[in-house]
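First the structure, in the form of structure tokens, and then the observations on it.
The values are calculated or read from the model by the stated rules, or taken from the named source; none is laboratory data. For clarity, every value in this text was computed on a predicted model and none was experimentally measured. Here the Cβ is made from the backbone with ideal geometry for all residues, glycine too, and neighbour counts use every protein chain on show. Side chains are part of the model used for accessible areas, which takes the heavy atoms of the whole protein and leaves out ligands, DNA and RNA. Shrake-Rupley method; radii C 1.70, N 1.55, O 1.52, S 1.80 Å.
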Amino acid sequence: MAGLRLGPLLRHIDGSSSASSPSATVWVEATRPCAAEVRCADGAGGTARTFQVAGHHYALIPVTGLTAGTETAYEVFLDGTRVWPQPDSRFPPSVIRLPAPGKGVDGDGDGDGDDGGVLRIAFGSCRWAAPPAGESDPVGPDALHGLAARIAADPAAARPDVLLLLGDQVYADEVSDATRERIRARRGLADAPGAEVADFEEYTWLYDESWGDPEVRWLLSTVPTCMVFDDHDVIDDWNTSAAWLADMRATPWWRERILSGLMSYWVYQQLGNLSPAELAADPLYAAVCARPDGTDALRAFACRADADPASVRWSYRRDFGRTRLLMVDSRAARVLAEDGRAMLDPDEDAWLRAQALDDPGSYDHLLIGTSLPWLLPPLVHDAEAWNAALCRGERGARWARFGEKLRRAADLEHWAAFPGSFAALAGLIAEAGTGPAAPASVLVLSGDVHHAYVAEPRWREGPGPDARVLQLTCSPVHNSIPLSIRAGFRLGWSAVARAVGRRLARHGRCAHPPVDWRKLGGPWFGNQLMSLELRGRSARLRLEQARGNDVLTTVAESELTP
């Protein structure tokens, strides 16, 4: 009999008036080949056969017959046997809640922001798997545990309509003690990569550990998620530079790591990011589902993605009423040659522009999700821009060699380390946010840096965009940061730090960036989540931190737009 190994995860939802039929997708991993089915209390449902990758069995179940603006409980069956909810579950039923139809985020589409139409989005990044119940937690309480506890305690209360996980869903290079012991038993730790995951099978262990956690498992079954990778999903500082990549490719273990990382990301994360229409048009998904074993097809895809990153698009767009979300791949899409470094390759950059500028006036809020912050503390920004100048030879070969060593040692590889891409994003935000059809806000949502802050840019030339533009950074969901690094991030915003940064920029002969910026809030440290409440053209921000006993405590709130 087939069992439920992992899931269910509620992924893509669409209840907008533009949808031909309101729908959702539910992802599961089963213990053997089977027919997976979702049955909803209101009669909606869907079925899918599992597909196989590397001896594992998965299904992405399209759920149809739903009604926009409603909520329905659901169950999961494998070969006709109910496997979810689990018999001993202490949690309320998992539900599919669809947004109300209409042109606005308010329920009736008139833009007045009635209570039924508030769109709530929670986001964060960097979640190291929580230890089993009863064990001490070395990095403190898990913010997703806190969110799960609050929703479970009052299922009828306000909850996120979608949860954005902005990178580092798993840590391939920083495993738990339990995973380390599994690796030791399987292949030993003497040979590289040692106590890091080596292949697809070991990646499955990371997802089992992270998503099998009871609180998180239930949370992901009842709150839709959008995901994008960051470096630790593969390895720390993934794609830092061309020299870094050459060194990695020279190791005997890297090829299997990168192929397994891309394959597992496609199965566990990327599939659920896509709409049913996108899945129906995806030749890879069709090939994997059509074969008794889709491993070879998926591996061939990963080989192409590794050899030619521009051949694959991991970025995607989601529209929630009059809120547009663009999730941007700021890892695999990089151009690494020093004479043409870019955060996004030309096709990816063109895609981002096209999506941001599509149908002006059709959205009130533009959200750009990128795992790496666009706006950093000014000292950090200037240090990264200076380092990029050194590495491309602005001060000669000797400085270039020093710059590459420093870049790797200090993780200098954010948007600031790609000055042309930093400026291009500033230009795109200004263009999208200016004019009579401009949205009320353009918000850049990021994580990675293990603290939270709010920053506001000011354009050096001209009045700047009409929309409110902000960098909203929130990390970690469940991780830690050394006290010395905390002090550095606090210092990075100071006047003294700005002066030091300017000296570095002058030494590197760096051009002024097109924007200056100031910190409006933070830095905040701890395990935390940010949430946006969007009502018509208004936006409100809340930052909550995890405390003991699975409690989320509000530490900051602010109105972003009136």
Item to check | Karplus 3J(HN,Hα) series, Hz, for region 524-538 with 6.51 cos²θ - 1.76 cosθ + 1.60 (x for Gly, Pro) | outcome: 10, 10, x, 7, 7, 9, 9, 9, 10, 10, 10, 9, x, 9, 9
Checklist entry - L560's amide H: which non-local residues (gap 5+, or another chain) put their own amide H closer than 5 Å, with H modeled 1.01 Å from N in plane and none for Pro or chain starts? => result A539, R540, L541
Next on the checklist: Under the rule of at least 5 residues apart or a separate chain, name every residue whose amide H is placed under 5 Å from the amide H of V162.
Outcome noted: R120, A122
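Determine the order of F489, F123 by accessible area, beginning with the largest, at a probe radius of 1.4 Å. Numbers along the way, then the final one.
Details: F489 30, F123 0 Å².
Result of the area sort, largest leading: F489, F123.
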Checklist entry - Quick one: net charge of A505's neighbours, Cβ under 13 Å, K/R +1, D/E -1? => result +2
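With the contact rule set at Cα under 8 Å and sequence spacing of 6 or more, what percent relative contact order holds for region 206-335?
On the way: 89 pairs, mean separation 33.3, N = 130.
Once divided by the residue count of region 206-335, the mean separation gives 26 percent.
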Checklist outcome for this item: Long-range amide H partners of G369, meaning residues 5 or more apart or on another chain whose placed amide H is closer than 5 Å, are L326, M327, V328, L445
Item to check | Heavy atoms of M263 accessible to a 1.4 Å probe, total area in Å² rounded to 10 | outcome: 10
Next on the checklist: Give the separation of the Cα centroids, region 210-234 to region 457-498, in Å.
Outcome noted: 26
Item to check | Taking region 310-460 and dividing mean pair separation by its residue count, relative contact order in percent (alpha carbons under 8 Å, at least six apart) | outcome: 26
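Before I look further, what does the chain give for accessible area per residue, probe 1.4 Å, in whole square angstrom? The partial results should precede the final answer.
Working: 21200 Å² over 562 residues.
With the other protein chains kept in place, the chain gives 38 Å² per residue.
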Next on the checklist: What does the net charge come to around L366 if you take all other residues with beta carbon closer than 13 Å to its beta carbon, with K and R at +1 and D and E at -1?
Outcome noted: +1
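Using helices alone, what [θ] at 222 nm do you get for the chain, with -39,500 (n - 2.57) per DSSP H run of 4 or more residues, divided over all residues and rounded to the nearest 500? Could the numbers behind the result be given before it?
Working: 15 runs with 165 residues, N = 562.
The per-residue figure over the chain is -9000 deg cm²/dmol.
Give the shape of region 263-381 as rounded, prolate or oblate, defined through the alpha-carbon gyration tensor: a ≥ b ≥ c are the square roots of its eigenvalues, a/c under 1.5 means rounded, and otherwise the shape is prolate if a/b is larger than b/c and oblate if not.
oblate
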Item to check | Sorted largest first, extent of the chain alpha carbons per principal axis (Å) | outcome: 68, 62, 46
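Normalised by the residues of the chain, what does the relative contact order come to in percent, with Cα pairs under 8 Å and at least six apart? The partial results should precede the final answer.
Numbers: 1266 pairs, mean separation 87.3, N = 562.
The normalised contact order for the chain reaches 16 percent.
Please report the carbon-and-sulfur percent of the accessible area for the chain; probe 1.4 Å, protein heavy atoms only, DNA, RNA and ligands left out.
53
Would you mind computing the Rg to Rh ratio of region 455-521 from its alpha-carbon coordinates, Kirkwood style for Rh? Walk me through the numbers on the way to the answer.
Numbers: Rg = 14.8 Å, Rh = 14.4 Å.
Over the Cα atoms of region 455-521, Rg/Rh equals 1.03.
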Item to check | Table column - 3J(HN,Hα) (Hz), region 135-141, Karplus curve with 6.51, -1.76, 1.60, x for Gly and Pro | outcome: 8, 5, 9, x, 10, x, x
Checklist entry - Per-residue accessible area for V551 at 1.4 Å probe radius, Å² rounded to 10? => result 70
Item to check | Net +/- balance of residues flanking L4 in space, Cβ distance below 13 Å, scoring K and R +1, D and E -1 | outcome: -1
